[in-house]
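Accompanying notes for the structure given below.
The values are calculated or read from the model by the stated rules, or taken from the named source; none is laboratory data. Predicted, not measured: the structure shown is a model, and the values here were computed from it. Quick reminder, even Gly has a Cβ in these numbers, built from the backbone with ideal geometry, and neighbours come from all protein chains shown.
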Amino acid sequence: MFGRISTMKSTGNYSDEIKKLKKAIEEADSVVIGAGAGLSTSAGFVYNGERFEKYFSEYGKKYGFQDMYSGGFYPYETPEEMWAYWSKFIFVNRYMDAPKPVYEHLHSLVKDKDHFVITTNVDHCFQKAGFDKKRLFYTQGDYGLFQCSEPCSDETYENKEMVRNMAEQQKDMKIPAELIPKCPKCGKPLTMNLRSDDKFVEDKGWHEAARRYRDFLQSHDGKILYLELGVGYNTPGIIKYPFWQMTSDNPDAVYACVNFGEAVCPEDIREQAICIDGDIGQVIEKLRK
């Protein structure tokens, strides 16, 4: 569909690109933010190293994995063990604040602009940073929601209290059996509302957010900034390729990509593109000055 080319050499140096992006934000009539895992990484939500040791060192010693991501795929022998890990994982990565205020600083850049956010992130950082819920579309789920593992319905369930109880009452990396979350409709186990297979539940809230995003795109033209932050190539069809296509279709649009090591765009929108290879948090800091 699109060829990948590096635009850094052809569109100017780092400082020039920062200036171009600042101007693009100021002049845009509307901003569409597309965010991937790189944005949360820049905010300090990393799954290995010091943060893993701080919260999950005992799990690493017992089970042998060295990062939080691997812990999510470990074949735990019992539901009590599995939910001990996952409840702590969700609590740390959904209900605790990000170590760095990158999302809050991003909000300060666009809060006075007509904007919308589409993200594959599931950590809820946008809303915690002050973004309006009605301007957010979480396409891949939310760590803060459970769904039936079957699933028997299109319902999802807020999990804060369930997660808190499991995290607080676990002992020796096991939760009490009575805390294992069960579907209130059919009694089967609950699971995370994350898009990992064809059982992912798109609930009423998901469809309403998808509609609001479609409506925003259809009702806005002219000077639009498509601001892509930390989006990789795991699911490029959700944010990256549509942003490229919408920029190509609109000669007044600007596509901006901020990504560490993957700031690229296709040839046909080179003249409309701003590509910055660097840490997103540092770029946002420079834009705010």
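Descriptive notes on the structure:
- Of the listed requirements (1) small (Gly, Ala, Ser); (2) within 30 Å of Gln147 (Cα to Cα); (3) assigned to a loop (DSSP other than H, G, I, E, B), Ala210 misses just one: (3).
- Residues (assigned to a loop (DSSP other than H, G, I, E, B), of a type in the set (A, V, I, L, M, F, W, C) and closer than 24 Å to Gly237 by Cα) located in region 106-130: Val122
- When Ser108 is tested against (1) under 30 Å from Glu285 (Cα atoms); (2) of a type outside the set (D, E, K, R); (3) touching a Ser or Thr at 6+ places or on another chain (Cβ under 8 Å); (4) surrounded by fewer than 19 Cβ atoms within 10 Å (Cβ to Cβ), just one condition goes unmet, and that condition is (3).
- Lone qualifier among Asp154, Asp221, Asp215, Asp197 - being in a helix (DSSP H, G or I) and either surrounded by fewer than 16 Cβ atoms within 10 Å (Cβ to Cβ) or not assigned by TED's automatic domain parsing to the domain that holds Cys275 (or both): Asp215
- Every pair of residues 6+ apart whose Cβ atoms lie under 8 Å, when the first sits in region 215-237 and is at pLDDT 95 or above while the second is exposed (fewer than 11 other Cβ atoms within 10 Å of the Cβ): Lys223/Glu27
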